[in-house]
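Asker: One structure is given below, represented as C-alpha cells, and several questions about it will come after.
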Amino acid sequence: MKSILQKDESRCFICGQPAGWDDPLDWHHVFSGALRMKSERLGLVVRLHHSKCHIFGRESVHKCAELSRELKRKAQQACMEHYGWTEEQFRQEFYQSYL
C-alpha cells in the first residue's frame, strides 16, 4: 500500500512518533466497510500506532468520531488534489463530502 496522505510511513500519522516495540504501526483505511478496497486502491490509508492511536486509546480513530471525521476530511482534500477531482466527483465515489 502507498499512502497519498502520508509521506513518512515509518511514523504514526496522528502523533508523529515512530513505531515502538510495544505499539507497532498498523495500516488504517480511512474509509472502511464497502469502501475499504477503494481506500486502499486510491491510497487513502495511513499508519497509526496499533493501540494508542488506532484502536484502543481514548482518542484513537476508532473511538473518537471527531478524529475519524477529521481524517476523512483530510483524505478527501488529498484525493481531490492528487486525482484532480471536484467535490462532486468525490461524492460520487464516496457518497458524501466531508468538507
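Asker: Just the number please: accessible area per residue for the stretch 1-76, 1.4 Å probe, all protein chains included, in Å².
Answerer: Spelled out: the 1.4 Å probe surface of the stretch 1-76, per residue, equals 58 Å².
Asker: What dipole magnitude, in Debye to the nearest 20, does the chain give about its Cα centre under +1 on Lys/Arg Cβ and -1 on Asp/Glu Cβ?
Answerer: So the magnitude is around 100 debye.
Asker: Roughly how many nanometres apart are two label points built 7 Å out from the Cα toward the Cβ at LYS7 and ARG58?
Answerer: With each label point 7 Å from Cα toward Cβ, the separation is 3.3 nm.
Asker: Ignoring any ligand, DNA or RNA, what whole percent of the accessible area of the chain comes from carbon and sulfur when the probe is 1.4 angstrom?
Answerer: Carbon and sulfur atoms account for 50 percent of the accessible area of the chain.
Asker: Roughly how many debye, to the nearest 20, is the charge dipole of the stretch 16-55 about its Cα centre, given +1 on each Lys and Arg Cβ, -1 on each Asp and Glu Cβ, and no other charges?
Answerer: About 240 debye.
Asker: While we're looking at this one, here's another question. Pairing the Cα long axis of helix 65-83 with the longest principal axis of the chain, what angle in degrees results, from 0 to 90 and rounded to the nearest 10?
Answerer: 50 degrees
Asker: Summing Lys, Arg as +1 and Asp, Glu as -1, what charge do residues with Cβ under 15 Å from the Cβ of ASP26 carry, ASP26 excluded?
Answerer: +1
Asker: Got a sec? What order do LEU42, LEU99 fall in by accessible area at 1.4 Å, biggest, i.e. largest, first?
Answerer: LEU99, LEU42
Asker: Measuring from label point to label point, each 7 Å out along Cα→Cβ, what is the LEU67 to SER51 span in nm?
Answerer: 1.4 nm
Asker: So what's the back-of-envelope 222 nm ellipticity for the chain, counting only DSSP H runs of four-plus at -39500 (n - 2.57) apiece and dividing by all residues, rounded to 500?
Answerer: Here the helix-only value at 222 nm equals -10500 deg cm²/dmol.
Asker: Once you have the Cα-Cα distance between GLU88 and LEU35, take 0.36 nm times their residue separation minus that, and quote the gain in nm to one decimal.
Answerer: My answer for the length gained is 17.4 nm.
Asker: Show log10 I(q)/I(0) for the chain at q = 0.12, 0.16, 0.18 Å⁻¹, two decimals, from a solvent-free Debye sum over equal Cα scatterers.
Answerer: Treating every Cα as an identical point scatterer, log10 I(q)/I(0) equals -0.36, -0.64, -0.80.
The values are calculated or read from the model by the stated rules, or taken from the named source; none is laboratory data. All values reported here derive from a predicted model rather than from experimental measurement. Positions of Cβ are backbone-derived with ideal geometry, glycine not excepted, and every protein chain shown enters the neighbour counts. Protein only, heavy atoms only, side chains kept; ligands, DNA and RNA dropped before computing areas. Shrake-Rupley method; radii C 1.70, N 1.55, O 1.52, S 1.80 Å.
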